[in-house]
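Heads up: the structure comes next, in structure tokens.
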Amino acid sequence: MDRSPQRVRNELVLLLILSVAFLVRLYLAAALPYTGVEKNEYIPLAESISLRGENLHLPVRGPHHPALPAYLIRAGGSLLGNHPAGFRFFGLAAGILMIGIAYRLSFRWAGPVAARWTAVLLAFNEYHIGVSVMSADIIYYYAFAMLAFYFFCRFLQEEAPGYLLASSAMIGLSYLCREISLLLIPVFAACLLSSAHRRWFRRKEPYLALFLFLLVIAPDLYWNFTAKADPRVRLADQLSRIGGIGFTPDYLLFYARDVFRKFGWRYLDGYAEFPTMNMVFGAILAGCVLRETARLRKEDPVRNLMLLAFWTILLFFLLIRPGRNIPQRLGDRQGWLWVDLTLLPASLLAGSCIERLGTRWRVLSYVAMGAGILYAVARVLNAGAAGPFAWENF
């Protein structure tokens with residue numbers, strides 16, 4: 001079948017973005033030593049998995065979160081060897097897949113220009129790069145969450161019930177990597193209730209989707225209800241972090257930690273081994289979300305979903321006071337990276353926003369984006385050469 005020059009050009013641009021993103025991540029996956037969360041939690045858990053008769057061990061839960069990422073980490077080690085590139089292989093693949101899915105979602109919704117910038121904002125974002133090359137849970141829950149957004153947006157656009165069921169299953173798989181994905185259930189439900197799609201609540205499909213979600217996470221729910229004396233962190237322990245209504249601005253560090261670092265401002269940071277995006281990317285993402293919020297259009301259900309997801313997740317953490325009597329085994333009361341799920345809708349909104357800018361502002365955004373990309377790549381190359389916890393040095 002003949003393909004138009006424009007389609008070929010779009011595919012080549014996507015291939016270029018994905019290729020550079022892959023090479024950058026492959027370099028770091030091979031160069032960086034294991035972080036603490038890899039050495040102390042996920043790699044030991046992955047190595048404990050066994051299918052052999054008398055030594056059968058199929059964990060449902062890790063020390064802090066569900067165990068699905070450990071199976072993917074173990075699969076990478078079995079395929080390529082028990083070394084950093086092996087254990088990190090499927091995380092790297094999940095990161096690239098996530099960029100491709102985001103591109104596809106943005107392309108269907110806002111067009112090729114928006115799709116390119118959405119892909120760039122993920123491909124060269126230091127936080128996304130960093131979690132893509134860790135043998136840990138974040139990139140896997142990220143990838144499944146992006147698939148959930150993709151399928152739910154397809155449902156909003158085409159009203160095919162299969163997409164609704166698929167999005168529910170993806171939320172379930174994302175939950176089996178990290179429980180924060182539970183927030184997508186009320187977000188998606190509120191989106192249906194507040195749109196022309198609310199009539200679907202008179203049909204069986206939304207309730208089948210909820211049942212499918214519960215079915216996917218059933219092993220973890222069973223463990224939570226039966227492992228009362230187990231020292232591992234349970235879902236109830238995670239919920240104990242909620243101490244009431246308050247204001248906790250530390251979560252804004254996800255978009256602004258680089259700003260605090262550059263100007264020498266003091267801030268609470270218990271996650272030094274995790275990188276954050278540079279100040280240029282943080283400003284672009286935050287600015288575009290604010291601009292899109294100010295020009296909300298009721299007739300665009302995808303944009304409304306992205307705004308609802310971003311603000312629901314961010315405000316959920318910003319407006320909650322950390323609990324005081326949390327179990328000691330949790331180890332922390334709050335962490336700026338807990339709002340990292342907002343990066344998914346923020347990237348999609350930013351791509352759409354940049355695509356619709358006037359000529360002057362678009363040129364300015366392109367220059368800023370180029371500077372952000374160069375700075376991000378420099379930080380990545382330096383981090384790979386500097387060794388453990390190198391992200392702190394930049």
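Of the residues Gly335, Asn10, Val216, the one whose Cα sits farthest towards the positive end of the charge dipole of the chain is Asn10 (charges of +1 on Lys and Arg Cβ, -1 on Asp and Glu Cβ, taken about the Cα centre). Stretched out straight at 0.36 nm per residue, the stretch from Leu357 to Arg291 would grow longer than its current Cα-Cα span by 22.7 nm. Counted residue by residue at 0.36 nm each, then reduced by the alpha carbon distance between them, the extension gain from Arg199 to Leu364 reaches 55.1 nm. Summarised in one figure, the compactness ratio Rg/Rh of the chain, Cα atoms and Kirkwood Rh, is 0.95.
Over all Cα atoms in the stretch 13-106, the spread is summed up by Rg and Dmax: 15.1, 51 Å. With the cut-off at 1.5 for a/c, could you classify the stretch 206-319 from its C-alpha gyration tensor as rounded, prolate or oblate? Since a/c reaches 1.5 but b/c is at least a/b, the shape of the stretch 206-319 is classed as oblate.
Residues whose amide H lies under 5 Å from that of Arg61, counting only those 5 or more places away or on a different chain, are Ala67; hydrogens are built 1.01 Å from N in the peptide plane.
Of the candidates Arg154, Arg379, Arg202, which one comes out as most mobile in a Gaussian network treatment of the chain with C-alpha springs shorter than 10 Å? Maximum among the listed residues: Arg202. Restricting to DSSP loop positions (anything but H, G, I, E, B) with no more than 11 other Cβ atoms inside 10 Å of their own Cβ, which trypsin sites (Lys or Arg not before Pro) remain in the stretch 42-129? Those that pass, being in a loop and sparsely packed, are Arg52. With both labels modelled 7 Å from their Cα along Cα-to-Cβ, the Leu215 to Ser48 distance reads 3.0 nm. Within the set of other residues whose C-beta is less than 12 Å from the C-beta of Tyr141, count the net charge using Lys and Arg as +1 and Asp and Glu as -1. Within the 12 Å Cβ shell, the charges total -2. Express the relative contact order of the chain as a whole percentage, based on alpha carbon pairs under 8 Å and six or more residues apart in sequence. The value is 20 percent. With Cα atoms defining each centre, the stretch 1-76 and the stretch 170-185 are spaced 17 Å apart in the structure. Helix screen, the chain: DSSP H segments with Cα axial length of 15 Å or more and mean Kyte-Doolittle hydropathy at least 1.0 are 5-31, 68-80, 89-110, 112-123, 138-158, 205-216, 279-294, 301-318, 343-355.
Extension gain for Leu12 to Leu182 (0.36 nm times residue separation, less C-alpha to C-alpha distance): 57.6 nm.
Every number in this text was worked out from the coordinates using simple rules, so none of it is lab data. Note that the coordinates shown come from a computational prediction; the quantities given were computed from them, not determined experimentally. Every residue, glycine as well, gets a Cβ built from its backbone with ideal geometry; the counts of neighbours run over all protein chains shown.
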